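The values are calculated or read from the model by the stated rules, or taken from the named source; none is laboratory data. Quantities reported herein were computed from a predicted structural model and do not represent experimental measurements. Cβ sites come from the backbone with ideal geometry, for glycine too, and all protein chains shown count toward neighbours. Each accessible area value is taken on the protein alone, full model and side chains, heavy atoms only, with ligands, DNA and RNA left out. Shrake-Rupley method; radii C 1.70, N 1.55, O 1.52, S 1.80 Å.
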Amino acid sequence: MARPRQVHRCTACGGVSPRWAGRCPTCGEWNSLVEEEVEVPTGAGPPPGWGGGVPVPLGQVDLAGAAPRPTGLDEFDRVLGGGLVAGSVTLLGGEPGVGKSTLLLQVLRTMADSGARVLLVSAEESAQQVRLRAERLGPVPPLLLLLAGTDLGSVLRAVEGAGFDLVVVDSVQTVADPQTGGIPGSLSQVRACADALVRLAKDGQVPMVLVSHVTKEGTLAGPRVLEHLVDTVLTVEGDRHHALRLLRAVKHRFGATGEIGLFEMGEVGLTAVADPYRFLLGDRRPGVPGSAVFPTVEGQRALLVELQALVTPMAPSGAPRRSAQGLDPGRLAMVLAVLDRRAGLPSGPTDVFASVVGGIRVQEPAADLALAMALASACRDVPVPADLAVFGEVGLGGELRQVPHAPQRLQELARVGIRRVLVPAATPEGPAGIELVRVHSLAQAVELAVPARTRVA
Ligand code: TYD
Ligand code: MG
């Protein structure tokens, strides 16, 4: 039995409040609560798919079925820690056009090719569009089934009891439940559809992948609430104007997060990239001011990226611009402030642009020193030496701190032949053949890497 009840749900965080308020009591967002009717179960039983509601000794919980099953698309499986778990629900987010549909079509094809029964629910593209895309990727396997349409009921009927090995719903924002109010894509619709699909996956022990579009700001469109409902959240990142795509696990109930998969978008879909070096540093022009090479670590992988900075006099009217692409704007502001106060390099009334080349996002504090060198190099119009890479964290006092994964970073630099690295003084020795240029302060790093040009009178 269930009875309906009115609640107010936050469109930003998904938090629930019994009565309306101007500000969400959970996340503090203003004007984000909307009215919603929920079914409150009156019986005290467990949710469906969770067993009989009887406590069992933890050590006797059946682990069969909890093992991931490989899809056969290696980079995808790697990010998932082996593959998809039966009954698990994965949300795949990314900006429109980044390659979500292409990636999942490849996963479905690979599974179908090895004899699995798989279903693609296309609520966004017509059956003809999907077939054309699929044929672009190669002969279409007979075990790949398609359901084109947006009606939730049809999806539930097609999947229930059909014993699929994988169901992909593309996208969860375009499936609609006629029983629920609101237009497709609205919070109440997306929630109702996701709820029903999650229950379907758990009850039938079918792994399911739901596609979700992400807005420019990087949040899963509107309903952050979906993140709580699913077991795994994957994102596809990349710049549409570059070929490199990054698949990342940001939440994973069955394994580690942070692991990344690297793909190249080409004429026949996405192919795994074994050596991202040529993408990330291939177009680099050594000797140009405002550039520094930084070895970032993502999951088990070290990647060399180029950080770029440009400092220009600001327009006479207006406020100074600070643009950070692929970098945390707060980190950029902090590094600029420390350069000003601790290294005597004021950015003053200028516009500052900083970016990571290749559409990669770098969030780790280990990038501070490299960012600072790119900025100092741009300010002074002096290039960082072409054979010098940089990593380290910068403190507010201008001190430099060692960072995790130093051996991995140094190994990757050695592999591609970069022989000198500017690092915080306490960094442990790396592989033979790599020279560590140890520095104690940001001011010292600036003087070593980008010494001011001596002016000729
Ligand atoms: P798509 O998978 O439709 O993106 P999403 O589902 O995230 O919106 O990818 C669309 C882009 O990928 C589009 O610009 C065309 C390009 N593309 C290729 O470059 N090669 C290919 O083989 C395919 C299928 C798409
Ligand atoms: Mg798509």
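Shape summary: segment 208-362 maps onto an equivalent ellipsoid whose semi-axes, from the alpha-carbon gyration tensor, are 32, 21, 15 Å in decreasing order. Each stretch of four or more DSSP H residues adds -39500 (n - 2.57); spread over every residue of the chain, this sum gives -7500 deg cm²/dmol at 222 nm. Solvent exposure of CYS27, expressed as accessible area, is near 70 Å², computed with a probe of 1.4 Å over the protein chains only.
3J(HN,Hα) along segment 281-287, derived from phi through the Karplus expression 6.51 cos²θ - 1.76 cosθ + 1.60 where θ = phi - 60°, amounts to 10, x, 9, 5, 10, x, x Hz, with x in place of Gly and Pro. Note on the chain: dipole from Cβ charges, positive end direction compared against THR102, GLY348, ILE183; the farthest Cα belongs to GLY348. Backbone amide hydrogens, once placed in the peptide plane, bring GLN325 within less than 5 Å of ALA354, SER355, VAL356, excluding anything fewer than 5 places away on its chain.
When nucleic acids and ligands are ignored and a 1.4 Å probe is applied, THR174 ends up with an accessible area of around 40 Å². Heavy atoms of the protein chains alone define the surface here; on that basis segment 320-457 has 45 Å² accessible area per residue at 1.4 Å probe size. Gyration tensor over the Cα atoms of segment 88-142: the corresponding equivalent ellipsoid has semi-axes (square roots of 5 times the eigenvalues, largest first) of 18, 15, 10 Å.
Each Lys and Arg Cβ is given +1 and each Asp and Glu Cβ -1; about its Cα centre, the chain then shows a dipole of about 760 debye. The spacing between segment 368-423 and segment 92-124, judged by their C-alpha centroids, is 39 Å.
Remark: spin-label model distance VAL268-LYS251 equals 3.7 nm, labels positioned 7 Å along the Cα→Cβ axis. Among the cysteines of the chain, those with no neighbouring cysteine Cβ under 4.7 Å are CYS193, CYS379. Measuring only protein heavy atoms, the 1.4 Å probe finds HIS440 accessible over about 130 Å². Amide H to amide H, with H built 1.01 Å from N, ALA148 comes under 5 Å of SER122, counting only residues 5 or more places away or on other chains. For segment 68-273, averaging the sequence separation of C-alpha pairs within contact (under 8 Å, six or more residues apart) and dividing by the residue count gives a relative contact order of 28 percent.
For the chain, which whole-number percentage of the solvent-accessible area (1.4 Å probe, protein heavy atoms only) is attributable to carbon and sulfur atoms? Before the final figure, lay out the partial values.
Working: 11810 of 21650 Å².
Exposed carbon and sulfur together represent 55 percent of the surface.
Seen from a random direction on average, the alpha-carbon convex hull of the chain projects onto 27.7 square nanometres.
Keeping every protein chain present and rolling a 1.4 Å probe, give me the accessible area per residue for segment 126-278 in Å². Walk me through the numbers before you get to the answer.
Working: 7010 Å² over 153 residues.
Result: 46 Å² per residue.
Each of SER154, PRO142, LEU120 was scored by the projection of its Cα onto the charge dipole of segment 93-248, and the greatest displacement toward the positive side belongs to PRO142; charges sit on the C-beta of Lys, Arg, Asp and Glu.
Taking chymotrypsin sites (Phe, Trp or Tyr not before Pro) in DSSP loop conformation with at most 15 other Cβ atoms inside 10 Å as exposed sites, the chain has its longest uninterrupted site-free stretch at 51-457. With 10 Å bins beginning at zero, the pair-distance distribution over Cα atoms of segment 69-169 amounts to 14, 50, 34, 2 %.
Only Cα pairs under 8 Å and 6+ residues apart enter the sum, and on that basis the relative contact order of the chain stands at 11 percent.
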